[in-house]
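Quick note: the coordinates plus some simple rules give every number you see, no bench work behind them. This one's a predicted model, so the numbers in the text were calculated from it and none came from an experiment. FYI the Cβ positions are ideal-geometry reconstructions off the backbone, even for glycines, and counts take in every protein chain you see.
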Amino acid sequence: MARTVADVMTSPVRTMAPEATLREVAQVMRESDVGDVIIAEGDHPVGIVTDRDIVVRCLVTGGDPETQSARSVCSSVMVSVPPQSGVSDAVRKMRDDAVRRLPVVENDHLVGIVTMGDLAVETDRDSALADVSAADPNR
């Protein structure tokens, strides 16, 4: 069993500039088979956009993903963890802050991301979430 976030995080992370359009962000999500993209200036994370953000904060309100920027819908309150954090600390942080994804940041630089699914696979392999997270998306 992994002991630290570094053992279970995904790296490298998909990132885009704050000025990227939501269509561009969605294309990266589709091509990478991910549900989130970190919005970064260089390797400094400034926000996160999820597929849900695009729907709820742009499409449903009549926004245009061709022109609306990632900055306009990203969650800018970034809850993150350092790579040396314990897996149980990451689980607690997700629960306390009601988030499903945690950017992994070291010295203000993005080094990875850990998701609720990653932690479920690591901590409770028999859970439904772990089963779904570990499933091959191409089958």
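With n ≥ 4 as the cut-off for DSSP H runs, can you work out [θ] at 222 nm for the chain, using -39500 (n - 2.57) per run divided by the number of residues, rounded to the nearest 500?
On the way: 7 runs with 49 residues, N = 139.
So the helix-based figure for the chain works out to -9000 deg cm²/dmol.
Our estimate of slack between T123 and E41, defined as 0.36 nm per intervening residue step minus the Cα-Cα distance, is 26.2 nm. Between Q27 and T61, the FRET efficiency from the beta-carbon distance, with R0 = 22 Å, is close to 0.60.
When the chain is fully extended, how far beyond the present Cα-Cα distance does S75 get from N107, taking 0.36 nm per residue of separation? Before the final figure, lay out each step's value.
On the way: separation 32, 0.36 × 32 = 11.52 nm, distance 2.07 nm.
Gain in length upon complete extension: 9.4 nm.
State, as an integer percentage, the relative contact order of segment 55-107 based on alpha-carbon contacts under 8 Å between residues 6 or more apart. Write down the numbers at each step before the final one.
Values: 30 pairs, mean separation 17.2, N = 53.
Relative contact order comes out at 33 percent.
Across the chain, C-alpha contacts under 8 Å between residues 6 or more apart give a mean separation that, scaled by the residue count, equals a relative contact order of 27 percent.
Per the Cauchy relation, a quarter of the hull surface: what is the mean projected area of the convex hull of the alpha carbons in segment 1-124, in nm²? Mind dumping the intermediate values first?
Working: hull surface 29.3 nm².
Projected area, direction-averaged: 7.3 nm².
Along the axis of the charge dipole computed for the chain (Cβ charges of +1 for Lys and Arg, -1 for Asp and Glu, origin at the Cα centre), the listed residues A70, H109, S11 are led at the positive end by A70. Our estimate of slack between R92 and T10, defined as 0.36 nm per intervening residue step minus the Cα-Cα distance, is 27.6 nm.
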